[in-house]
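Any read-out appearing in this document is the output of simple, stated calculations on the displayed coordinates, not a laboratory observation. Just so you know, these numbers come straight off a predicted model, no measurement behind them. Every residue, glycine among them, receives a Cβ derived from its backbone with ideal geometry; neighbour counts consider all protein chains shown.
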Amino acid sequence: MKNTYLTSYFPLLSIILFSLSFAIAIEIPLLSFLQKTGIYTGMLEFFSDSGVKLSIMALLTVMFFMVFAALKLVADTINELALLFFSQDSDGESLRKVRNGPLFFAGGAALSLLSIQHLTVLAGVFLATSFVYFVFFVFKVSPALKTSGLIGIIFFQILTWSILILGVAFLAVKVYNSIVASLPV
């Protein structure tokens, strides 16, 4: 008996594990920063030591959970838009073929738990997992595409993600510059 919904929980599991990994990796330097600046001592007046650590871990996990859930929503939308624009498949067979794609993210999320001591390795695991999923996606949908459609899907994905990432980076730099400019120095 093969149930198509057997792996439907993998995206949620992947988001939770990646969120936990990034939260732990960020919590370590954040606690060090809070201790150096003296903020940590003030926090100990309201919480116990383990309470502060647990609260920071919970807040970081929730924050990363929201980021990864939003990224999954955006990625699914971009994938389906790419298929809408470039695929000749009108029955949705291509989407059924990539249904096992979250297995790659579940594996990457499990690997991420092993790399929580190094933030760059953790980010590398996430990016490598995303790249492997992208290759899997293109490979699985390629039978329903002409050569021009295949090139179109690849460029659409690269262009869309580049615009999103550069746009967010540009906004972050603008906000940072405006905050620095407003400081009384």
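Taking neighbour Cβ counts within 10 Å as the exposure measure, how do D89, D76 sort from fewest upward?
On the way: D89 18, D76 12.
The most exposed by this proxy come first: D76, D89.
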Task: At 1.002 mPa s and 20 °C, Stokes diffusion of the stretch 99-185 via Kirkwood alpha-carbon radius, µm² per second - done: 135 µm²/s
Open item on the list: Let me check the size of the stretch 1-41 from its C-alpha atoms; what are the radius of gyration and Dmax in Å?
Closed with: 18.0, 59
Open item on the list: If I compute Rg/Rh (Cα atoms, Kirkwood Rh) from the structure I just sent, which labelled value in (i) 1.23; (ii) 1.07; (iii) 1.00 lines up?
Closed with: (ii)
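Based on the Cβ-Cβ distance of L119 and D76, what FRET efficiency does E = 1/(1 + (r/R0)^6) give at R0 = 35 Å, to the nearest 0.05?
Working: r = 27 Å, r/R0 = 0.76.
My answer for the efficiency is 0.85.
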Open item on the list: Can you find, among P11, N100, M66, the residue sitting farthest towards the positive end of the charge dipole of the stretch 1-143, where Lys and Arg contribute +1 and Asp and Glu -1 at Cβ?
Closed with: N100
Task: MRE, 222 nm, helices only [DSSP H, n ≥ 4, -39500 (n - 2.57), over the chain, to nearest 500] - done: -27500 deg cm²/dmol
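Can you tell me the length gained on complete extension of the stretch L166 to S90, counting 0.36 nm per residue apart and subtracting the Cα distance?
Result for the pair: 24.1 nm of gain on full extension.
Just how large is the dipole of the chain about the Cα centre, in debye to the nearest 20, putting +1 at every Lys and Arg Cβ and -1 at every Asp and Glu Cβ?
On the way: 10 positive and 8 negative charges, 58 e Å.
In debye, rounded to 20, the chain gives about 280.
When Y40, Y5 are ordered from fewest to most other Cβ atoms inside 10 Å of their Cβ, what list results?
On the way: Y40 18, Y5 7.
Placing the least packed residue first, the sequence is Y5, Y40.
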